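Heads up: the structure comes next, in structure tokens.
The values are calculated or read from the model by the stated rules, or taken from the named source; none is laboratory data. Nothing here was measured: the structure is a model prediction, and the numbers come from that model. Cβ sites come from the backbone with ideal geometry, for glycine too, and all protein chains shown count toward neighbours.
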Amino acid sequence: MLHSKKKIARTITGQSETVSKSSIKIDNFLIPGVLGAIPVRLYRPVGGLILPLVLYFHGGGFIGGTLDDADIPAQVIAAESQAAVLSVGYSLAPARPFPAAPEDAFSAISWVQKNAAAIAVDAGRIAVAGDDAGGNLATSLTMIARDRHASPILAQGLIGPMLDPSMTRLGDVKKNDSDQTVQQCAACYRQYLPQTLQRFHPYAAPLESRRLQGLPPAFIATAEHDVLHVEAEKYAAELIAAGVATQVARYAGVRHGSLLHHAPALSDLAAFLHRRLHTAIT
């Protein structure tokens, strides 16, 4: 469907804001994956020619979530970054546990690189982004693409990501006044990673990786009232130590569940992606 000069409503912590955006054309279709067809949704600013592309992965703790959950960040990124956004409906546990989801992510970027002309995007200017479990998949995809010698990913944006299946770096629920609990995280990881050793695989547990060198520049958004902000900020520190240009921002007064719709976080992410994707033009 085509949104003609519509306004995108974004929910901010405690209030709502309506921001005028350029027209966004939205198309739903399927692409091939290792385990079957993968549903995707393409957001494209109307009037653009060959655009950079952001692959976006929704949240849901690896066991839930749909393309609809990513609608607001995808539209904001498309409008403010002036990039196409391909939102990916990856495999969910427990029906399809690890490594099904990261393999779907790699199938998506491989499809884009082969079909860039058909969707009018530049295969040399690709970034990844995601929230919650999708943040895990986004950064894991940067490792997979590097290890499999795929075309370079230029940037990664993580919103309240789940990065540590060992859960040894979680914050204190009461101290952080968090809406995300240890029990919720444990239930998600049990279904996504049914085998104990999988919890140490770098594609499932980015904080366990000792090979962070060469990953793309990162923007990591965390929420003050979220037990996950500790591990996300630890990952930012690890990336910096590995020489990866990294920007991290913790948003005051925000909870995990509302970070995805927090206008300042989305605008900061979009600005980061715009800089990285549009300065890459040769």
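Things to note:
- Matching residues, the range 46-71, being at positive phi and small (Gly, Ala, Ser): Gly47, Gly60, Gly61, Gly65
- Residue match in the range 207-228 (condition: out of contact with any helix residue (DSSP H, G or I) (no Cβ under 8 Å at 6 or more places or on another chain) and of a type in the set (Lys, Arg)): yes
- Scanning the range 149-180 for residues that are of a type in the set (S, T, N, Q) and closer than 15 Å to Val254 by Cα yields a count of 3.
- The lone criterion from (1) under 13 Å from the mean Cα position of the chain (by Cα); (2) buried (at least 18 other Cβ atoms within 10 Å of the Cβ) left unmet by Asp71 is number (2).
- Residues that are in a loop (DSSP other than H, G, I, E, B) and under 17 Å from the mean Cα position of the chain (by Cα), drawn from the range 224-276: Leu228, Leu260, His261, His262
The rows are residues; the columns are (1) within 26 Å of Pro97 (Cβ to Cβ); (2) out of contact with any Pro (no Cβ under 7 Å at 6 or more places or on another chain); (3) at pLDDT below 95; (4) not hydroxyl-bearing (Ser, Thr, Tyr).
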{"site": "Leu158", "(1), (2), (3), (4)": "yes, yes, no, yes"}
{"site": "Lys175", "(1), (2), (3), (4)": "no, yes, yes, yes"}
{"site": "Thr181", "(1), (2), (3), (4)": "yes, yes, yes, no"}
{"site": "Leu193", "(1), (2), (3), (4)": "yes, no, no, yes"}
{"site": "Gln198", "(1), (2), (3), (4)": "yes, yes, no, yes"}
{"site": "Ala236", "(1), (2), (3), (4)": "no, yes, no, yes"}
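- For the range 237-247, the count of residues that are over 18 Å from Pro73 (Cα atoms) and buried (at least 19 other Cβ atoms within 10 Å of the Cβ) is at least one.
- Residue check for Ile220: in contact with a Phe, Trp or Tyr (Cβ under 9 Å, 6 or more places away or on another chain) and either at pLDDT 95 or above or not in a helix (DSSP H, G or I) (or both): yes
- Tabulated pairs, the range 239-255, first more than 19 Å from Leu207 (Cβ to Cβ), second of a type in the set (Gly, Ala, Ser) and surrounded by fewer than 18 Cβ atoms within 10 Å (Cβ to Cβ), C-beta under 9 angstrom, 6+ apart or interchain: Gly253/Gly14
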